[in-house]
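To keep things clear, I will list the structure first and then write my remarks on it.
The values are calculated or read from the model by the stated rules, or taken from the named source; none is laboratory data. These figures come from a predicted structure and were not determined experimentally. Reconstructed Cβ throughout: ideal geometry from the backbone, glycine too, with neighbour counts over all protein chains shown. Quick note on the areas: whole protein, heavy atoms, side chains included, nothing else; ligands and nucleic acids left out. Shrake-Rupley method; radii C 1.70, N 1.55, O 1.52, S 1.80 Å.
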Amino acid sequence: MVCGRGPEMKHSEPEVLEALDLAWDPEAGVLGKMRAGDYDAALADGYLELLDRIEIGEGEPLHPDFVKLLWFAPLFCEWQIERCAESGGGLDREVSSFSNRVCDRVMELLGVP
């Protein structure tokens, strides 16, 4: 996954698409691990940093793979709050905060109706 703050990246760059896809990996991705109730704060930070670096030019058409990998993330994260909390460690607030930040950034990137 792309880590650390850095220059903005176009949403359609192969590196961005690969990192977004990796986030869903059950063994190495923040979203994939959350599906099993395993919240990894370091992976979550890396995912948020990636989202913060993505740029979409005004009027630029969206790459279909970008939309496929991103649109479901906010809803998915919300669904995983309870699952991660049940796994122990009192992570419900941390996972809820992550979920809210993902939702906010996806709304910024894709827009709202």
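Under a 1.4 Å probe, what is the accessible area of the chain per residue, stated in Å²?
56
Skipping prolines and chain starts, which residues have an amide H placed within reach, meaning under 5 Å, of the one on Met9, given they are 5 or more residues away or on another chain?
Distant-sequence amide H within range of Met9: Ile54, Glu55.
What relative contact order, as a whole-number percentage, does the chain give when Cα pairs under 8 Å and 6 or more residues apart are counted?
Over the chain, the number comes to 28 percent.
Net charge within 11 Å of His63 by Cβ-Cβ distance, Lys/Arg positive one each and Asp/Glu negative one each, not counting His63 itself?
Summing Lys/Arg as +1 and Asp/Glu as -1 gives -1.
Counting only protein heavy atoms and using a 1.4 Å probe, what share of the accessible area of the chain belongs to carbon plus sulfur, as a whole percent?
Carbon plus sulfur share of accessible area: 50 percent.
Evaluated at 10 °C with a viscosity of 1.306 mPa s, what Stokes-Einstein diffusion coefficient in µm²/s does segment 1-96 have when Rh comes from the Kirkwood expression over alpha-carbon pairs?
115
Would you list the P(r) distribution for segment 42-113, with all Cα-Cα distances sorted into 5 Å bins from 0 and each bin expressed as a whole %?
Reading upward from the zero bin: 3, 15, 24, 25, 15, 9, 5, 2, 1.
In the chain, which helices (entire DSSP H runs) extend 24 Å or more along their own long axis, judged by Cα positions, while averaging at least 0.5 on the Kyte-Doolittle scale?
For the chain, where a helix must reach 24 Å along its axis and average at least 0.5, there are no hits.
Once every DSSP H run of n ≥ 4 in the chain is given -39500 (n - 2.57) and the sum is divided by its residues, what mean residue ellipticity at 222 nm do you get, rounded to the nearest 500 deg cm²/dmol?
When only DSSP H runs of four or more count, the value is -18500 deg cm²/dmol.
Would you mind working out the magnitude of the charge dipole of the chain relative to its Cα centre, with +1 at each Lys and Arg C-beta and -1 at each Asp and Glu C-beta, to the nearest 20 Debye?
The dipole magnitude comes to about 200 debye.
Farthest toward the dipole's positive end in the chain, which of Trp79, Val30, Leu110, given Cβ charges of +1 (Lys, Arg) and -1 (Asp, Glu) about the Cα centre?
Highest projection toward the positive end goes to Trp79.
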